[in-house]
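Bear in mind these aren't lab numbers, they're just calculated from the coordinates by the rules spelled out. Small disclaimer: the values here were computed from a predicted structure and weren't measured. All Cβ positions, even for glycine, are placed from backbone atoms using ideal geometry, and neighbour counts span all protein chains on display.
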Amino acid sequence: MRRQIVAANWKMNLTLQEGEVLVKEICGGMPALAPHNTVVIAPPFTHIAMVSAGIAGKEQVASGAQNCHHEAAGAYTGEVSAAMLNSAGVAYVIIGHSERRQYCGETDAMLAEKVNLALANGLEVIFCCGEPLEVRDEQTQNQYVEAQLKAGLYHLTAEQMKHVVIAYEPIWAIGTGRTASTEQAQDMHAHIRQTLNAAYGDATATATPILYGGSCKPSNAAELFGCADVDGGLIGGASLKAAEFLGIISAMVGK
Ligand code: 13P
């Protein structure tokens, strides 16, 4: 059975103390997960050790990071490397989030380097893709997303792809309250799986989890996760409140 994942992307929110309370509430209220379920919590770098300590002993809950640098080490003030994340017990790293592409000037070439370094350092990659509104309006979203995947990801071997999760996050749905319809989500996820099939064949296409992100909440998670090719979610705003995040986790368990 394909892995299903609900991942929290806290973005630049919560103090260490607020985060600690949230992790306790999430762990305390966690429903029994199915064997193929994983919950990931990706806080800011400063909170990673706290999250790792807070989830200790919970086998199906993993800590994540929101980024890593595209160089292995060196004079890059303020940056954090993939090797550092691995040494801090991080299991997953989000790469290519639209906010980093947009605000931090991350290019396809940089993202490909980040992916290589993350995998070389034993991290699981959550690779983000997704189109802006004007591309959706032009109905060219399939080509746009395919190009992002080819540039950032599809240079990997099938063996490396076993450590990659794809997250489809339409930019027009992020933090806007405007969720993709189940039809829009399923259509894109099926398209992404087709591109995987064309690049790697059926085994990789079938095994790779594809998460949805963008205004996912407890009230729409079950419907979205009910789509055949949606294997969980990458959650922003609703991951900052225990009750909401737990509601989304329950939707995954119930799939
Ligand atoms: P929201 O859930 O706040 O729309 O954010 C989605 C996202 O960007 C997760 O990475």
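Please report, in debye to the nearest 20, how large the charge dipole of segment 1-70 is about its Cα centre when each Lys and Arg carries +1 at its beta carbon and each Asp and Glu carries -1 there.
Details: 5 positive and 4 negative charges, 52 e Å.
Its charge dipole is roughly 240 debye.
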Inset, instruction - With just the Cα atoms of the chain, tell me how far they stretch along each of the three principal axes, in Å, largest first. - result: 46, 44, 34
Legend entry - Amide H contacts under 5 Å for Ile235, placed H, 5+ residues apart: Ala7, Ala8, Asn9
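Per residue and in cubic angstrom, what volume does the convex hull of the Cα atoms of segment 58-170 have? It would help to have the intermediate numbers written out before the result.
On the way: hull volume 12.7 nm³, N = 113.
Given the Cα convex hull of segment 58-170, per-residue volume reads 113 Å³.
Starting with the fewest neighbours, write out Val40, Val253 ranked by other beta-carbon atoms found within 10 Å of each beta-carbon.
Val253, Val40
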Inset, instruction - Collect residues whose amide H, placed 1.01 Å from N in the peptide plane, falls under 5 Å from the amide H of Thr38; neighbours closer than 5 in sequence don't count. - result: Gln4, Ile5, Val6
Legend entry - J(HN,Hα) series, segment 220-236, from Karplus relation 6.51 cos²θ - 1.76 cosθ + 1.60, nearest Hz, glycine and proline x: 10, 5, 4, 5, 5, 5, x, 5, 4, 9, 9, 10, x, x, 10, 10, x
Inset, instruction - Scan around His97 for amide H atoms under 5 Å from its own, H built in the peptide plane at 1.01 Å from N, and keep only partners 5 or more places away or cross-chain. - result: Cys128
Inset, instruction - Report the normalised scattering of segment 1-95 as log10 I(q)/I(0) at q = 0.21 Å⁻¹, calculated by the Debye formula with identical scatterers on the alpha carbons. - result: -1.06
Inset, instruction - Provide the net charge surrounding Ala251, with neighbours chosen by a C-beta distance below 14 Å and charges set as Lys +1, Arg +1, Asp -1, Glu -1. - result: -1
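So how strong a dipole does the chain carry about its Cα centre when Lys and Arg Cβ are +1 and Asp and Glu Cβ are -1, to the nearest 20 debye?
Working: 16 positive and 25 negative charges, 107 e Å.
Here the chain has a charge dipole of around 520 debye.
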Inset, instruction - Sort segment 178-254 into rounded, prolate or oblate with this rule: let a ≥ b ≥ c be the square roots of the eigenvalues of the Cα gyration tensor; rounded if a/c is under 1.5, and if a/c is not under 1.5, prolate when a/b is larger than b/c, oblate otherwise. - result: prolate
